[in-house]
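Below: the structure, in structure tokens.
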Amino acid sequence: MYLEIITPDKKVFAGEVEAAQFPGTNGSFEVLNSHAPLVSTLERGRLRITTKQGQEFFTVDGGVVEVLNNKIIVLAESVVE
């Protein structure tokens, strides 16, 4: 899957991931390859991505995530790496 994490200031991350876990407004959820289409709001919390190199963590300060055709776009208010 391809993931982009974007804030109003910059593109924080762009690349291939195996899994991504998000702090959704109604609870944490994980997206894997071939996930159904999804749009969700995000709360302040930790976003975990799993790549072939291992795991990376980002703290998002709210935003929106869209999942469609193995592409994930996160529009975050701000991100702390």
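Some notes on this structure:
- Any hit, segment 69-77, residues being free of Cβ contacts under 8 Å to residues at least 60 places away in the same chain and of a type outside the set (A, V, I, L, M): yes
- Just one of the listed residues (60, 17, 12) is within 14 Å of residue 81 (Cβ to Cβ) and in contact with a Leu (Cβ under 6 Å, 6 or more places away or on another chain), namely 60.
- Per-region count, segment 19-69, residues over 25 Å from residue 9 (Cα atoms), in contact with a strand residue (DSSP E or B) (Cβ under 9 Å, 6 or more places away or on another chain) and of a type in the set (S, T, N, Q): 3
- Matching residues in segment 15-33 - criterion: being touching a residue at least 12 places away in the same chain (Cβ under 8 Å) and either closer than 13 Å to residue 72 by Cα or of a type in the set (Lys, Arg) (or both): 15, 16, 17, 18, 19, 20, 21, 22, 31, 32, 33
- Matching residues, segment 26-37, being surrounded by 11 or more Cβ atoms within 10 Å (Cβ to Cβ) and either among the β-branched types (Val, Ile, Thr) or closer than 17 Å to residue 59 by Cα (or both): 28, 29, 30, 31
- Annotation note: of 23, 8, the sole residue that is surrounded by fewer than 17 Cβ atoms within 10 Å (Cβ to Cβ) and at pLDDT 95 or above is 8.
The values are calculated or read from the model by the stated rules, or taken from the named source; none is laboratory data. Everything quoted here is computed from the prediction, not taken from an experiment. Using ideal geometry, Cβ is built from the backbone for each residue, glycine included, and neighbour counts are taken over all protein chains shown.
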